[in-house]
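Notes to accompany the following structure.
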Amino acid sequence: DFKGLIKHWAQRVNSVSGIAYKDDPAVFAWELANEPRDEADTSSKELAGWAQEMASYWKTLDPKHMVSTGLEGARAHDGTHYSGSDFQAVQAVPAIDFACFHLYPVKDNLRYSLRAAKHAIRDYVHTAHDGMKKPVVMEEYGIEKKYDTELDRYEWISGLMQPFVDAGGDGLNQWMLVDQIGR
């Protein structure tokens, strides 16, 4: 069923431009899913196999565009992670063109200091570049207004972007936009 969906997307014709998505230069890359998981397999081997199979299939239909996983960036501990979506294990497969991760350092179930978030960002970039030999995109990042703590949202967003750029990260997709005026 998923391969049928991939085929539909690749062959779909943009109603405005008349260009099939597989040929459309406005498409940067395809993402397999938003935050895919396989909690039944904490080794991440099943999700890695699925990512390899689906990305390879996608490339048979559309060799012009890159394919990414859409992973949150969970990190395994001793080779396992409850989500079955280990950052390196799943994205190291050959058919995935670039790694990605999502970072929300302050949420209901998570509290990173800015220093810890910066360390995590540098580690993601290092792991992608040196461990997987792939570019990396900080695909989602932000902080909700209700979690303004020692820093406000503008300071948090700036504090997440700069270490990513400084570490040599390859692309940023802002999930939340804020400016200094609204502080």
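The values are calculated or read from the model by the stated rules, or taken from the named source; none is laboratory data. Treat the numbers as computed from the prediction; the structure is a model and nothing was measured. So basically every Cβ, Gly included, is an ideal-geometry build from the backbone, and we count neighbours across all protein chains shown. Side chains are part of the model used for accessible areas, which takes the heavy atoms of the whole protein and leaves out ligands, DNA and RNA. Shrake-Rupley method; radii C 1.70, N 1.55, O 1.52, S 1.80 Å.
For this structure, a couple of remarks:
- Stokes-Einstein D for the range 68-121, Kirkwood Rh over Cα pairs, 4 °C, 1.567 mPa s (µm²/s): 106
- Solvent-accessible area of the range 36-137 (1.4 angstrom probe, protein heavy atoms only): carbon and sulfur portion equals 51 percent.
- Just so you know, the Cα atoms of the range 9-87 work out to an Rg and Dmax of 15.1, 50 Å.
- Stretched out straight at 0.36 nm per residue, the stretch from ARG12 to ALA95 would grow longer than its current Cα-Cα span by 27.7 nm.
- In the context of the full set of protein chains, residues of the chain present 54 Å² of accessible surface per residue (probe radius 1.4 Å, heavy atoms only).
- In the range 46-180, lysine pairs closer than 28 Å at Cα, eight or more apart or cross-chain: 11
- Placing R0 at 45 angstrom, the Cβ-Cβ distance between ARG111 and LYS3 gives a FRET efficiency of 0.65 after rounding to 0.05.
- Report summary: the helix-based calculation at 222 nm, which adds -39500 (n - 2.57) for every DSSP H run with n ≥ 4 and divides by the residues of the chain, gives -10000 deg cm²/dmol.
- Whole-angstrom gap from the range 4-37 to the range 72-110, using each part's C-alpha centre: 24
- Converting phi to 3J(HN,Hα) with the Karplus coefficients 6.51, -1.76 and 1.60 and the offset θ = phi - 60°, the range 13-19 yields 9, 4, 5, 8, 8, x, 9 Hz in sequence order, with x at every glycine or proline.
- Antiparallel %, DSSP beta bridges [both residues in the range 1-117], to 5: 50
- Projected label distance in nm at PHE28 and LEU172, using a 7 Å step from Cα toward the beta-carbon: 1.2
- Compactness index (Cα Rg / 2.2 N^0.38 Å), the range 50-175: 1.10
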